[in-house]
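One structure is given below, encoded as structure tokens.
Computed from the coordinates by the stated procedures, all read-outs in this text should not be read as laboratory data. What you see is a predicted model, and the numbers here were worked out from it, not measured in a lab. A quick note on method: Cβ atoms are made from the backbone with ideal geometry, for glycine too, and the neighbour counts reach across all protein chains shown.
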Amino acid sequence: MLWNKVWTFSKGLEVSQLQLSEKEVLTPKVDELLIKVFSYGVNSFDIFWLKSNVYFPYGFEFCGEVIEVGNPHSKFQIGDILIGISNAQKQDRNCAEWCIANENHCIHLPNHLTFQQGAALPFSGIAALQLIEQVDFTHKKVLIIGATGGIGHLFTQLCATKTQQITVVCKPAHRDFLSKIGIHHFLENQHNQWSTNDEFEYIIDFSGKYSTKELNQNLAKNGMIITTQQKSKAVLDQFFAFFKKQNVQHFQLDYSAAHFKKLAEMLHHRQIQPYIFHSFNQFDQLPTAYNELSKGGLQGKLVISLGC
């Protein structure tokens, strides 16, 4: 019998109330894999989930090694290094040294990426990919707020392949980072305030700090606002629906095998490059990592490494 350390995320808890315990390592079912985790991605949704009534059928994004396969005819083999999303229960999501993951929610780690970079991709990469799929940004004038965060910096790279007319609201300290991912037009953000007379066909706010009324001031006629701002219980009840389009339906993020396959193809062609802002190198630093995330100001993704 194997035991491992586990952080259990349960509804109603604050990050400061999370506790590290030991639990038995589970055995994978027919369509599942047992993974020894090397690194986990840190996401704001994990904190949001604790405080909301949202049911989210997935655990945490990870990079790790296959230790056991539930299906003898699995497309994966023991020893494969994968990135993916772990399983979860309705009321609990476990961040553990060894996790169980559905085969359909895993892909191989590309050779050119580190374990930490791989762990930064499953949630954030697929979210960025689907936003690009669902909206045609080709040759459009786009304003992005929150372009340096986990999803934001990946989406911004993809958007830059569709249009050169991208302006980013950012602090002066973030300009060098944004230049590395192909952005050259900036609006200076001081104390969450910025101004311009320009109008944009698309305004994307990954920060969720601005109301649609504020954003409408710079929205072109027939333009569209895409924001993460939560306004109502209806939005909260949408599965992982922090993308809300003005006057249109909510985005329904899809973490199916088809989108993991698309993510794999995108990584194979090196269409996005994940950047790691900081790696916490001890598993017991998980609360510290989420506290750091809540401060904002990231340039890329936070990850937790488990001694790899």
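Points worth noting:
- Here the stretch 125-245 is treated as a Stokes sphere of Kirkwood radius computed over C-alpha pairs; at 20 °C and 1.002 mPa s its diffusion coefficient rounds to 148 µm²/s.
- Ranked by the mean number of other Cβ atoms within 10 Å per residue, highest first, peptides 45-51, 192-198, 163-169 order as 163-169, 45-51, 192-198.
- With Cα atoms, 0 to 90° folded angle of helix 286-295 axis to the chain main axis: 0 degrees
- Rounded tilt (10° steps) of 122-134 against the dominant C-alpha axis of the chain: 40 degrees
- Helix-only arithmetic for the chain: the sum of -39500 (n - 2.57) across DSSP H runs with n ≥ 4, divided by the residue total, places the mean residue ellipticity at 222 nm at -6000 deg cm²/dmol.
- Pairs with C-alpha atoms separated by more than 19 Å, drawn from the list Lys140/Lys221; Lys162/Lys209; Lys5/Lys36; Lys162/Lys221; Lys140/Lys162; Lys29/Lys261, are Lys162/Lys209; Lys162/Lys221; Lys29/Lys261.
- Max-minus-min Cα coordinates of the chain on each principal axis give 65, 40, 35 Å, with the largest extent listed first.
- Among Ile276, Ile145, Ile226, the ranking by other beta carbons within 10 Å of each residue's beta carbon, starting with the fewest, stands as Ile276, Ile226, Ile145.
- Summing +1 for each Lys or Arg and -1 for each Asp or Glu among the other residues whose beta-carbon sits under 10 angstrom from that of Leu143 gives -3.
- Principal axis extents of the C-alpha atoms in the stretch 89-173 (largest first, rounded to whole Å): 44, 33, 29.
- Within the stretch 76-156, the trypsin sites (Lys or Arg not before Pro) that combine a DSSP coil assignment with at most 11 other C-beta atoms in a 10 angstrom radius are Lys90.
- Cα Rg, Dmax, the stretch 1-147, angstrom units: 16.6, 58
- Each peptide in 76-85, 177-186 gets a packing score, the mean of other Cβ atoms within 10 Å over its residues, and the list from highest to lowest is 76-85, 177-186.
- Distance between modelled label sites at Lys75 and Thr196, nm, 7 Å Cα→Cβ extension: 4.1 nm
- Using only side-chain charges placed at the Cβ, +1 for Lys and Arg and -1 for Asp and Glu, the dipole size of the chain relative to its Cα centre rounds to 700 debye.
- Per-pair calculated FRET efficiency, R0 = 45 Å: Lys5 and Asn222 via Cβ, rounded to 0.05: 0.25
- Look at Cys170, Cys63, Cys106 and count the other Cβ atoms within 10 Å of each Cβ; fewest to most, that gives Cys170, Cys106, Cys63.
- Under the combined filter of DSSP loop state and at most 11 neighbouring Cβ atoms within 10 Å, the stretch 261-300 retains these trypsin sites (Lys or Arg not before Pro): Arg270.
- Residue exposure sequence - Thr27, Thr212 - by fewest surrounding Cβ within 10 Å: Thr27, Thr212
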